[in-house]
1. Can you give the charge dipole size of region A:340-483 about its Cα centre, rounded to the nearest 20 debye, using +1 on the beta carbon of Lys and Arg and -1 on the beta carbon of Asp and Glu?
2. Quick one: with all protein chains in place, what share of the accessible area of the protein assembly as shown is carbon or sulfur, to the nearest percent (1.4 Å probe)?
3. Highest mean first, what order results for A:356-364, A:169-177, B:53-61, A:328-336 on Cβ atoms within 10 Å?
4. Could you work out the mean count of beta carbons from other protein chains within 10 Å of each residue's beta carbon in B:12-18?
5. Can you tell me how much longer the chain between residue A:128 and residue A:486 gets when fully stretched, taken as 0.36 nm per residue apart minus their C-alpha distance, in nm with one decimal?
6. With the dipole of the protein assembly as shown worked out from charges on the C-beta (+1 for Lys and Arg, -1 for Asp and Glu) around the Cα centre, which of B:58, A:343, A:449 lies farthest toward the positive end?
7. Which FRET efficiency value, to the nearest 0.05, is calculated for residue A:107 and residue B:16 with the Förster distance at 45 angstrom and r the Cβ-Cβ distance?
8. What's the total accessible area buried between chains A and B, using a 1.4 Å probe, rounded to the nearest 100 Å²?
Amino acid sequence: MTGSIALLGQPNSGKSTIYNNLTGSRQHVGNWAGKTVEKNEGSFTYNGTKYIVTDLPGSYGLSGNSDEEIITTDFIRSGQSELTVVLVDASQLERSMFMLAEFARMDKPAMLILNMMDVAEGMGKEIDTKALEKKLGIPVLPFNATDTKDYDKLKKLIAEEMKAPHKLKIAAPAEKADVKADSKEKFKWVSEILENVTRTKDAIYKMSKFDRLMTRPVLGKVICIAVVLLAFVVAMLFMMPFSGVGQMIPTLLHDPIEKLLTSWNVHPWIISIFSMMLPNTLSFTLSMAGFVFGVNIVFGFLEETGFIARAAYQFDGLLSKLGLQGKAICPMLMGCGCTIGGACGTRVMDNWGQRMLAMSIVWAVPCASIWSIIPVISGMFFSWWQTLLVCVGILVYVVITMVVVSKFFCKKLVPNDTKSGMIMELPPYHKAHWKHIFKEAAYKAWDIFRRALGTVTLVSVIFYVLSFSSDGNVNNSLIYRVGTFIEPVTKFFGMGWQTFMAFCSGAFAKEAVLGTLNAVFMGNNSLMEATFFSQATSTDAALLGSAMTQMISPAEALAFMFATTFNIPCIMALSTTYKESHSLKWTVRVALFYICNALIVSCVVYHVANLFM
Amino acid sequence: MKLTDSKADMQGKILSVGGEDHFMNRITSIGITEGTRFQTVRNDKKMPVLIYLRETLISLNRADAERIEVEKI
């Protein structure tokens with residue numbers, strides 16, 4: 001036996017928390033037919049009956065014409081779900097009951113959840129749920145979305161309601177043609193219902209001390225930036241045990257596997273796949289999942305406490321110029337540390353289009369790995385103040401790229417009619433529920449590990465085949481042949497075959513760039529080892545520097561630095577973007593954009609620099 | 001006066017909201033309807049306006065806030 005229910009609620013009503021806790025890992029993400037709106041469907045089993053849960057897109061009302069609202073209305077009207085669970089925020093009862101007023105017109109079976117009862121009680125609010133139930137004629141459940149004990153009650157009630165469903169017995173608010181009058185009618189309906197159900201003191205609102213700091217025009221921004229950068233450090237701490245284990249994998253597995261397979265007389269080509277490439281892929285993906293775990297914990301914390309909403313308030317003006325909501329500031333700052341963190345931090349954005357646009361802009365933010373290689377390479381060719389200029393130049397082009405990306409993709413991802421300025425609530429600060437945050441972060445990290453392993457392995461294999469050479473000499477690899485063959489073309493973009501190879505390996509992992517340069521310029525270790533076994537290879541910057549300055553011009557070095565910085569971030573960031581966006585088409589589209597952008601900037605830098613150097 | 005002209009801590013009432021249907025839908029569904037009482041919480045230059053209305057702290061960007069007429073009570 002199966003049943004089908006739908007979750008309906010405004011943003012910040014705790015809907016996704018309830019959805020996640022109800023369905024756990026039995027979730028499926030897709031798109032609503034023909035729309036760029038994410039469709040979340042999951043299921044849970046209670047007393048032998050399976051219930052399909054559809055998480056309807058969040059919006060403040062249902063009368064607008066946004067994709068979200070149309071989808072929600074159509075879905076409820078279609079009767080595909082037998083029961084609609086309407087969620088309201090008990091701490092902002094009057095305002096969030098608006099959704100029930102919208103729903104009332106559809107005349108379908110429903111139950112009501114009063115979420116965040118703990119917050120409401122903390123505010124000294126009293127709600128007579130029995131009286132409310134009597135007036136409405138549908139069951140009303142006082143709830144704390146983060147309290148795991150409440151879910152049994154919820155499931156039990158859902159099961160009962162599926163057998164004997166209730167409809168609202170109170171008449172729906174009268175319909176008015178004029179939008180203003182119509183909304184007024186709905187709020188009148190709400191206040192009539194809430195009469196004698198809840199007491200609200202007409203008190204003067206006083207901002208909390210912290211909020212007064214957070215909303216100061218300059219200080220607030222400084223605090224936001226500091227907090228997100230601190231959050232990045234904390235996320236790194238959470239990652240450390242994972243990456244520690246991850247880094248041990250290649251070293252630990254390499255020798256035993258090699259020995260074992262050699263004793264079986266396996267072809268060396270196969271041996272290096274199993275001894276070098278696969279352990280390394282596992283190690284990469286594990287570190288990446290560890291980082292995603294950390295990022296989800298800190299972002300979960302920042303979101304639950306209400307910090308993200310304050311950051312949105314602070315940066316909305318600036319980011320709206322890029323077509324983004326203010327919330328995007330958090331993933332963007334996170335991207336200064338690591339693009340993977342930035343990409344999965346976009347989960348705080350409200351809708352898919354915004355999320356995808358934020359991810360494609362986060363790609364332009366140079367990550368910490370880039371900043372660890374650019375000064376090294378620049379130092380080989382330029383003096384310290386010139387190096388500083390290179391960095392400034394890169395930063396300027398970061399801004400240019402962001403603007404271009406936004407111009408390029410904004411229309412498709414964030415259509416004008418959905419772009420209206422920020423109208424949002426700043427939810428009161430909540431206490432963070434750690435158990436819940438950890439559970440969700442662990443689930444997310446596991447999910448990304450499981451799914452990304454395949455993608456990363458596939459790309460690794462491709463790169464592996466390209467870089468393989470039987471004797472370890474670069475000149476025997478496929479990529480060398482391809483590289484030298486197309487060198488006339490890459491020369492036009494300012495890169496010889498050596499730098500072009502390093503450019504390619506940078507698309508795989510930024511950490512591999514120095515190792516690759518070492519391999520192609522010094523022939524010290526094989527390209528493959530540089531890419532897949534970077535821990536075991538060391539780069540002597542001084543030696544490499546003298547070799548490189550002899551073989552390539554400063555203009556080529558400069559072009560290469562720009563090309564590497566603005567190339568696609570790395571394979572892990574790419575696959576995180578794919579997993580977070582659920583859209584191969586868009587991931588590829590953005591990746592192609594970045595490759596072209598990198599080649600163009602490299603070409604321009606090279607030819608301009610040639611005029612002066 | 002316009003909402004953008006109100007001073008922090010002012011207690012007021014929404015007089016009228018102007019704009020096309022899409023905007024109207026968004027603004028009224030979050031609770032900003034004519035006749036509603038509110039309090040301006042913060043109104044700094046170049047920053048969104050913060051108001052407290054229907055037990056909710058709401059942030060509105062300046063361009064939108066300009067389209068809302070209010071009066072002091």
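The values are calculated or read from the model by the stated rules, or taken from the named source; none is laboratory data. Given the structure is predicted, the values throughout are model-derived calculations rather than measurements. Quick reminder, even Gly has a Cβ in these numbers, built from the backbone with ideal geometry, and neighbours come from all protein chains shown. Remember, those area values only see protein heavy atoms, side chains included, never the ligands or the DNA or RNA. Shrake-Rupley method; radii C 1.70, N 1.55, O 1.52, S 1.80 Å.
1. Magnitude of the dipole: close to 340 debye.
2. Result for the protein assembly as shown: 61 percent of the exposed heavy-atom area is carbon or sulfur.
3. Output ranking for A:356-364, A:169-177, B:53-61, A:328-336: A:356-364, A:328-336, B:53-61, A:169-177.
4. Working: counts 0, 0, 0, 0, 1, 3, 1.
Across B:12-18, the average partner-chain Cβ count within 10 Å equals 1.
5. Values: separation 358, 0.36 × 358 = 128.88 nm, distance 7.54 nm.
Difference between extended and current length: 121.3 nm.
6. The one lying farthest along the dipole's positive direction is B:58.
7. Here the calculated transfer efficiency is 0.90.
8. When A and B are taken together, about 3400 Å² of accessible area is lost.
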